[in-house]
Amino acid sequence: MNKDEIQFPITFVVFDMEWNQPISYMPAPVNPKELPGEIIEIGAVKLTMDSETSFSLSRPFSIIVRPQFYKIMNRQVSRVINKSTDDLKRGVTFPEAYQFFADWCGDDYILCAWGDSDISILKSNLKIHGLSSEVNERFLDIQPLFGRVAENTAQQRSVAYAVEFYRIPQTDDFHSADKDAYYEAKILKETLTDYFAMKRNPDKQDSSDLPNLRQYISNPNLNTQFKWKTGVFPNEKAAVAVALKEKLFCPICSETIEATLEWFSSGHTWMSLWQCSEHGPLTAKIRAKKTPQQEFYGTGQLKFVNGNAARYVQEKWEEKLKKQKEIAEFPERCDENEQNCEQM
Ligand SMILES: [Zn+2]
């Protein structure tokens with residue numbers, strides 16, 4: 001089988017979660033870095049495709065989880081999801097809820113969510129409960145797929161935006177896990193409908209360089225990023241210069257990777273694009289950070305990305321080239337906007 005082909009029937013499990021967050025002025029019972037959000041609700045909808053044009057949606061899965069660590073409702077979170085501390089006393093424990101969810105999912109599916117925060121919150125919750133943080137090995141982020149297929153953009157859109165874009169009837173408010181999962185499944189259905197239609201018409205505008213669906217599916221269990229940090233320096237420039245010298249390897253296979261776009265600065269961030277011949281495109285970013293002693297150190301992050309995120313970096317580079325050209329042609333503009341010139 002061609003590994004780029006999707007085989008029907010195929011099931012997408014679109015999940016969405018709500019989580020509570022620690023309260024900054026209260027001592028947290030666990031390290032907030034290890035548990036940035038505690039899950040209080042899991043919602044999901046299955047989208048099954050029998051062919052490129054045949055879809056069916058399941059009834060929603062929904063379960064309320066009783067938090068064990070962040071038991072007081074964070075006010076900012078409450079404003080969004082409209083729940084009170086009293087509501088957090090209901091529900092089953094996370095390990096129970098997750099077992100229900102895993103049983104409902106079955107065993108042959110592609111896990112989907114809007115953005116990558118749900119999957120990382122899920123993994124942190126599994127870990128804190130001493131459960132294996134290995135999740136389904138195929139994960140599809142709907143957000144960048146929607147961006148590419150619907151608008152041919154690398155911009156990040158909200159669920160509400162995509163609902164409006166596809167004119168999906170809004171019968172409920174957003175921000176309850178099962179309703180959001182339902183809307184996201186509807187968006188995925190429209191996006192996949194468009195995607196397969198574009199594949200059938202490769203000559204049409206926007207269709208020609210449409211990435212394969214596989215490019216949007218990753219394995220969330222692989223270590224797909226590498227972070228590094230420099231020592232401290234008296235100024236930002238020196239810290240960045242050392243960070244830029246880091247030799248980079250593929251975080252999955254440790255093989256040498258090739259720069260497809262060399263390091264350039266955009267504001268205070270340095271960016272570059274890389275490629276592992278086996279595992280695909282990566283982006284790398286470097287920023288300088290300040291210590292309390294007013295010294296600087298460089299931090300870098302190399303990670304696997306989908307085609308959209310790589311395109312974002314490419315677009316930043318093109319923007320910069322354009323600006324540089326303008327400045328070369330009209331140097332007087334440079335004086336008007338000194339900050340822009342400094343960034344060059
Ligand atoms: Zn690799």
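The values are calculated or read from the model by the stated rules, or taken from the named source; none is laboratory data. What you see is a predicted model, and the numbers here were worked out from it, not measured in a lab. Accessible surface areas use protein heavy atoms only, side chains included; no ligands, DNA or RNA. Shrake-Rupley method; radii C 1.70, N 1.55, O 1.52, S 1.80 Å.
What is the percent of Cα-Cα separations in the chain that go past 40 Å?
Pairs farther apart than 40 Å: 21 percent.
Compute the relative contact order of the chain as a whole-number percentage, counting only Cα pairs closer than 8 Å that sit 6 or more residues apart in sequence.
In percent, rounded to a whole number, it is 14.
In the stretch 225-343, what is the volume of the convex hull around the alpha carbon atoms, normalised per residue and reported in Å³?
Per-residue hull volume (Cα only) is 114 Å³.
Whole percent per 5 Å bin, from 0 to the bin with the longest distance: what is P(r) over all C-alpha pairs of the stretch 279-335?
Per 5 Å bin, starting at 0, the Cα pair percentages come out as 4, 15, 14, 14, 14, 15, 16, 8, 1, 0.
From the gyration tensor of the Cα coordinates in the stretch 94-181, what semi-axes in whole Å does the equivalent ellipsoid have, largest first, with each one equal to sqrt(5λ)?
Ellipsoid semi-axes (Å, largest first): 27, 16, 12.
What are the ³J(HN,Hα) values, in whole Hz, obtained from phi via the Karplus relation 6.51 cos²θ - 1.76 cosθ + 1.60 with θ = phi - 60°, for each residue of the stretch 101-114 in sequence order, with x given for Gly and Pro?
Whole-Hz 3J(HN,Hα) from phi for the stretch 101-114: 5, 4, 5, 5, 5, x, 10, 10, 7, 10, 7, 9, 8, 9.
Over the heavy atoms of residue 138, what accessible area does a 1.4 Å probe trace out, to the nearest 10 Å²?
Solvent-accessible area, nearest 10 Å²: 70 Å².
Which of the lysines could a cross-linker span from residue 285 if the Cα-Cα distance has to be under 19 Å and same-chain partners fewer than 8 positions apart are dropped?
Cross-link targets: 227, 229, 237, 245, 247, 303, 316, 320.
How high is the relative contact order of the stretch 165-314, given as a whole-number percent (alpha carbon pairs under 8 Å, six or more residues apart)?
21
Between residue 212 and residue 329, what length in nm is gained on full extension when 0.36 nm per residue of separation is reduced by their alpha carbon distance?
Residue separation times 0.36 nm, minus the Cα-Cα distance, leaves 38.1 nm.
Compute the relative contact order of the stretch 225-343 as a whole-number percentage, counting only Cα pairs closer than 8 Å that sit 6 or more residues apart in sequence.
26
Read phi for every residue in the stretch 28-33 and hand back ³J(HN,Hα) as whole Hz from Karplus 6.51 cos²θ - 1.76 cosθ + 1.60, θ = phi - 60°, with x for Gly and Pro.
So the J values, rounded to whole Hz, are 8, x, 9, 5, x, 6.
In sequence order, what are the phi-derived ³J(HN,Hα) couplings for the stretch 316-332 according to the Karplus relation 6.51 cos²θ - 1.76 cosθ + 1.60 with θ = phi - 60°, rounded to whole Hz, with x for glycine and proline?
Per residue, the Karplus-derived 3J(HN,Hα) values read 4, 5, 5, 4, 5, 4, 4, 4, 4, 5, 4, 5, 5, 7, 10, x, 5 Hz.
On the full set of protein chains, 1.4 Å probe, figure out the accessible area of residue 204 and give it in Å² to the nearest 10.
Its heavy atoms expose roughly 130 Å² to the probe.
Equivalent ellipsoid semi-axes for the stretch 167-212, as square roots of 5 times the alpha carbon gyration tensor eigenvalues: give them largest first, rounded to whole Å.
Rounded to whole Å, the semi-axes are 29, 10, 7.
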